[in-house]
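Structure first, then comments.
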Amino acid sequence: DPRLKCKDQTKFIDKIIKNNQSIKFVILDGISRKPNDNDIARVIQRIKFLEGQNIRVIVFTPHIKVGFNPKKCFKTLLKKNNKKCDISADVRKSILDDFNPLLIMINKEHPKVLVFEQNDIFCDRDDDRCSFIRNGLPLHRDNVHISEYGSLLLQDYFTKWSFKNIPSIFN
């Protein structure tokens, strides 16, 4: 039963956190893209536990997913590029709109929680387009997961964001 496995994993992680006072930050990622009331309650409960352990919580917004094999974005010797590899920034807005009920509740009950908008690696703030390609390289390795290159860009962006928003993370 996946629910039992999840509960066992949560107990295991809680034990590590309680027994290790050196943990100062936790990232919550992989939260439902359209959180319902139960999802929101679970996330709020998790944040309450973590903050009770003097841990600063960072929530990652859901990232844009390709929805197709990103290899189709690139030409091969035999095939031309027949896939559109950029999308409207409306997709990003839709993701944030769906995720917003959770963010509103977090802000209301736990205002110290920081939110990291990871879609900045796909979307330029000044443009109305998002792309699955940067510098000629794919940002996804399949229809869901970010590629190694995308992960490196995301890590670089998160480091810069952290330096600005939570410089204590580097102490």
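The values are calculated or read from the model by the stated rules, or taken from the named source; none is laboratory data. Keep in mind that this is a model prediction, so the values were computed, not measured. Here the Cβ is made from the backbone with ideal geometry for all residues, glycine too, and neighbour counts use every protein chain on show. Heads up: the accessible areas ignore ligands, DNA and RNA and are worked out on the full protein's heavy atoms, side chains in. Shrake-Rupley method; radii C 1.70, N 1.55, O 1.52, S 1.80 Å.
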Handout entry: Check: region 97-148 dipole with +1 on Lys, Arg Cβ and -1 on Asp, Glu Cβ, in debye
Key = 180 debye
Problem - the chain, accessible surface, carbon-and-sulfur percent (1.4 angstrom probe) - result: 53 percent
Handout entry: Over 29 Å between alpha carbons, listed pairs Lys5/Lys108; Lys24/Lys108; Lys84/Lys108; Lys15/Lys65
Key = Lys5/Lys108; Lys84/Lys108; Lys15/Lys65
Practice task
Could you calculate the FRET efficiency of Asn69 with Asn135 from 1/(1 + (r/R0)^6), where r is the beta carbon distance between them and R0 is 25 Å, rounded to 0.05?
Solution key: 0.80
Problem - Average projection area in nm² (convex hull over Cα atoms of the chain, one quarter of hull surface) - result: 12.3 nm²
Completion exercise
Going residue by residue through region 99-109, the Karplus relation 6.51 cos²θ - 1.76 cosθ + 1.60 with θ = phi - 60° gives ³J(HN,Hα) values, rounded to whole Hz and with x marking Gly or Pro, of 7, 4, x, 5, 4, 4, 5, 4, 4, 5, 9
Practice task
Report, in degrees rounded to the nearest 10, the 0 to 90 angle that the Cα long axis of helix 148-165 makes with the longest principal axis of the chain.
Solution key: 50 degrees
Practice task
May I ask you to derive the FRET efficiency for Asn36 and Ser88 from their Cβ-Cβ distance with R0 = 25 Å, giving the value to the nearest 0.05?
Solution key: 0.45
Problem - Using θ = phi - 60° and Karplus 6.51 cos²θ - 1.76 cosθ + 1.60, couplings along region 59-68 (whole Hz; Gly, Pro as x) - result: 9, 8, 5, x, 8, 5, 10, 5, x, 7
Fill in the blank from the handout: Simple SL model, points at 7 angstrom along Cα→Cβ for Asp14 and Lys108; separation in nm is 2.5 nm
Handout entry: Label-point separation in nm, Phe25 to Arg56, each point 7 Å along Cα→Cβ
Key = 0.7 nm
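Treating only the Cβ atoms of Lys and Arg (+1) and Asp and Glu (-1) as charged, compute the dipole magnitude of the chain about its Cα centre; round to the nearest 20 debye.
Working: 31 positive and 21 negative charges, 101 e Å.
Roughly 480 debye for the chain.
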Handout entry: Degrees, to the nearest 10: 37-52 long Cα axis against longest axis of the chain
Key = 60 degrees
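Per DSSP helix of 4 or more residues, -39500 (n - 2.57); summed, then divided by the residues of the chain. What does that give at 222 nm, rounded to the nearest 500?
That calculation yields -14500 deg cm²/dmol at 222 nm.
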